[in-house]
Amino acid sequence: MNTATHTLDPHAGHAHHPTGLMRWLTTTNHKDIGTMYLTFSLLMFFLGGAMILAVRAELFQPGLQLMKPEFFNQLIGVHALVMIFAALMPAATGFANWMIPLMIGAPDMALPRLNNWGFWLLPPAALLLTMPFILALFGIGDGAVATGWTLYAPLSVQGGIGVDFAIFSIHILGISSIMGSINIIATLLNMRAPGMTLMKMPLFCWGWLVTAVLLIITLPVLAGGVTMLLTDRHFGTHFFDAAGGGDPILFQHLFWFFGHPEVYILLLPVWGLMPHVLSTFTRKPIYGHTAQVYGFIAIGVLGLIVWAHHFMTAGLPVPALLYFMYSTMAISLPLAVLFFCWIATMWRGAMSFETPMLFAIGFIVLFGIAGLTGLVLADVAADAQYHHSYFVVAHFHYALFAGGIMGVMTGVYYWLPKWTGHMYSERLGKLHFWLTVVSFNFTFMPQFFLGLAGMPRRIPDYALQFTEFNAISTVGAFVLGLSQLLFAWNIWRCVKGGDKATDQVWEGTSGLEWELSSPPPYHSWDTQPVIKSSN
Amino acid sequence: MNEAALPPPRKHGRLVVRLLLLAAGFFAFGFALVPLYDTFCEAVGFNGKTLRDATQTKDLPPSAVDYSRTLGVQFTSTLMPGLPWEIRPLEPAIELHPGELRTTRFLVRNLSDQTIVGQAVPSVSPTVAARSFQKLDCFCFTQQTLAPGESREMALTFVVDSGISKDISELTLAYAFFPAPPKP
């Protein structure tokens, strides 16, 4: 690859952007917006984490000690909505904003003003979601949405004002995500450097391209579903009311038509960044670039047609069950291709184990467990036993914490020196990794066994024989939660100062983004780089 | 800044419009799923949904009575919350031959001192048999209004199609009585 020179003076010819608060409110700069997304995501990560620590504290012992069941139900549902919509998705969008223009040699995102809107819709949406907690303190309403994040009818039709707040919050979050997705697709399709064909596009960009398409396809269906819920609640329609000719199972179809692809929406950006990290710290090129691109596309397409495996016990007929079982299991084939490529990238490489690499390897092992337990759940006969048990909770936390959050942490440690120009503390980073990976397994491994033993999810109290494993899980969760403070502290220190990072940052990096200075100038790639056709 | 390096804005515009249309299309698709889902379930009998009124879709009389087979049919009923009624099948279980026209009755009583409108929603199990359970006349076709303390025998006339799968020897028809939703 060869790049033309670019300006290194961050303010050359652009001295007039506002400063202070107005800079952040009005910014259209992809780096500023990326920073805001990531900061918002980190704050929401701690908010959602605090909620679930309260839940785990209640579950430390059988019986009700700390809270009423109603409040418990509110906490678990809002925890999930906050973590998915306000922590994980904005983190991935923050990565996209920061890295996509740098990676493809574009000066900014295609639609900068839309980008600014997309971000500033998030804080009001998060406020709407959590406001019923505060309103309830003043005697208004009966607290936040208490249906679990799935909002199943008829429970959600009967719920209090928390459900309405959640519905409007989902509408706003959906609009924000669709705007972000349109922006990313437009950037990736129209603004690549000359010579960068679609197939040469970095895998992180490919992961995000598939994610963005999935978002545009599925989020409107969820928006439609919750709109029907809203009209059922207030305007006398009966989409989900059997007495009026509706069907509550229909809500489950609408929800999971979105909900299952959502899993891949959360994971595809991580799968995209993983090969870059593995390649860097093994000092080898990425193995199977093309295979991984087709793997992403195959998982995206298959992910759209397997949704009913989330409610196999709802009374679906046997032919439908068989279809959803086999199609779900088929997803493990392209996923296995990705695992193969990740491992083959490491194979006989000159590996070194800096913090991002540790997180990447932790991700591969733990996310592998998520995939294998997912195969168990996909089995119709086994699912009848495991459905709605703690086995499911453990499974999707291996997917979304070990797969999603630890993947995001991989990316943060990997790119932080590029963003800030400083190296983070490697010692703190490694400590953070080991505390996280050990306490994560202490938290969630016992939940597999709790689920197998028959403990249902979403209950504030449980039978005595589950006590010990719940206590272990709670202790693990508190260590896990507290060790994330190290993460925040390390980021803060790195933003404030530290050893200077080189432009290349890591020894084995390749790609356009590492040819810019660290930190990159406020406006980068004023002159497009050109990718040579020979590689 | 080298403006020439940037693509013309119009290029973005066309793409954005297409992507917005895609999003709008899937929003509409979500709503289209409502009738599609109903049609699908009724057509193949998934979800235990019976045909709303067999007289509208089937020629009468239906297929000949198959005296070589005897099926057990059970009737159950439940009341949904908010409906202060009492309901029970007068014949909890009957035996019949496929293709035979039968009428059975449910006793329904309003226990409250108010006039209340209710709506019965049927469901057949096993669900694959739902398509073969053809109701010719049923109190579930319309909403039922009961005066305070009134009790009434409500009739159901049906045929189990003689084409019903040979694997099935027992059927259950369950009625859930809902308080009728207010008219929109």
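Taking region A:475-518, which residues are of a type in the set (A, V, I, L, M) and assigned to a loop (DSSP other than H, G, I, E, B)? Once the filter is applied, which keeps residues that are of a type in the set (A, V, I, L, M) and assigned to a loop (DSSP other than H, G, I, E, B), region A:475-518 yields A:501, A:505, A:516.
Just a yes or no: is a residue in region A:176-183 under 22 Å from the mean Cα position of the chain (by Cα), in a helix (DSSP H, G or I) and under 30 Å from residue A:247 (Cβ atoms)? Looking through region A:176-183, at least one residue is under 22 Å from the mean Cα position of the chain (by Cα), in a helix (DSSP H, G or I) and under 30 Å from residue A:247 (Cβ atoms).
Scanning region A:234-250 for residues that are under 30 Å from the mean Cα position of the chain (by Cα) and either among the β-branched types (Val, Ile, Thr) or assigned to a helix (DSSP H, G or I) (or both) turns up A:248, A:249, A:250.
For region A:446-474, the tally of residues that are of a type in the set (A, V, I, L, M) and either outside any helix (DSSP H, G or I) or within 19 Å of residue A:49 (Cβ to Cβ) (or both) stands at 5. Is there a residue in region A:167-177 that is free of Cβ contacts under 8 Å to residues at least 40 places away in the same chain, within 20 Å of residue A:95 (Cβ to Cβ) and within 12 Å of chain B (Cβ to nearest Cβ)? Looking through region A:167-177, none of the residues is free of Cβ contacts under 8 Å to residues at least 40 places away in the same chain, within 20 Å of residue A:95 (Cβ to Cβ) and within 12 Å of chain B (Cβ to nearest Cβ). Considering only region B:104-115, I want to know if a residue exists there that is in contact with a Gly (Cβ under 6 Å, 6 or more places away or on another chain) and either closer than 25 Å to residue B:67 by Cβ or surrounded by fewer than 20 Cβ atoms within 10 Å (Cβ to Cβ) (or both). No, region B:104-115 has no match at all. Taking region A:400-442 as the range and being of a type in the set (Phe, Trp, Tyr) and farther than 15 Å from residue A:277 by Cα as the test, the residues that pass are A:401, A:419, A:424, A:433, A:434, A:440, A:442. Identify the residue in region A:118-172 that is among the aromatic types (Phe, Trp, Tyr) and closer than 27 Å to residue A:246 by Cβ and, among all such residues, is surrounded by the fewest Cβ atoms within 10 Å (Cβ to Cβ). Result: A:168. Residues that are farther than 19 Å from residue A:72 by Cβ and either β-branched (Val, Ile, Thr) or in contact with a Pro (Cβ under 7 Å, 6 or more places away or on another chain) (or both) within region A:425-463 comprise A:436, A:437, A:438, listed in sequence order.
Return the pairs, sorted by first residue and then second, in which the second residue is outside any loop (DSSP other than H, G, I, E, B) and among the hydroxyl-bearing types (Ser, Thr, Tyr), the first residue lies in region A:218-239 and is more than 8 Å from chain B (Cβ to nearest Cβ) and closer than 22 Å to residue A:261 by Cβ, the beta carbons are less than 7 Å apart, and the residues are 6+ apart or on different chains. Listed pairs, sorted by first residue: A:229/A:156.
Listed here are the residues, each with its yes/no results for (1) touching a strand residue (DSSP E or B) at 6+ places or on another chain (Cβ under 7 Å); (2) exposed (fewer than 15 other Cβ atoms within 10 Å of the Cβ); (3) at pLDDT 85 or above; (4) not in a loop (DSSP other than H, G, I, E, B).
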residue: B:128; (1), (2), (3), (4): no, no, no, yes
residue: B:131; (1), (2), (3), (4): no, no, no, yes
residue: B:142; (1), (2), (3), (4): no, yes, yes, no
residue: B:148; (1), (2), (3), (4): yes, yes, yes, no
residue: B:156; (1), (2), (3), (4): yes, no, yes, yes
residue: B:165; (1), (2), (3), (4): no, yes, no, no
residue: B:174; (1), (2), (3), (4): yes, no, yes, yes
residue: B:183; (1), (2), (3), (4): no, yes, no, no
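When residues in region A:348-364 are screened for being under 16 Å from residue A:431 (Cβ atoms) and either small (Gly, Ala, Ser) or assigned to a loop (DSSP other than H, G, I, E, B) (or both), 3 of them pass.
The residues listed here are A:328, A:313; of these, the one that is under 25 Å from residue A:222 (Cβ atoms) and within 14 Å of chain B (Cβ to nearest Cβ) is A:313. Filtered by the rule that a residue be within 20 Å of residue A:503 (Cβ to Cβ), out of contact with any Asp or Glu (no Cβ under 7 Å at 6 or more places or on another chain) and part of a helix (DSSP H, G or I), region A:103-121 gives a lone residue, A:104.
Scanning region A:278-331 for residues that are on the phi < 0 side of the Ramachandran plot and outside any helix (DSSP H, G or I) yields A:284, A:285, A:286, A:287, A:304, A:305, A:306, A:316, A:317, A:331. Residues in region A:71-116 that are among the aromatic types (Phe, Trp, Tyr) and either farther than 30 Å from residue A:197 by Cα or free of Cβ contacts under 8 Å to residues at least 12 places away in the same chain (or both): A:71, A:72, A:85.
The values are calculated or read from the model by the stated rules, or taken from the named source; none is laboratory data. Quick caveat, the model's predicted, so the values are computed rather than measured. Note: ideal-geometry Cβ built from the backbone for every residue, glycine included; neighbour counts use all protein chains shown.
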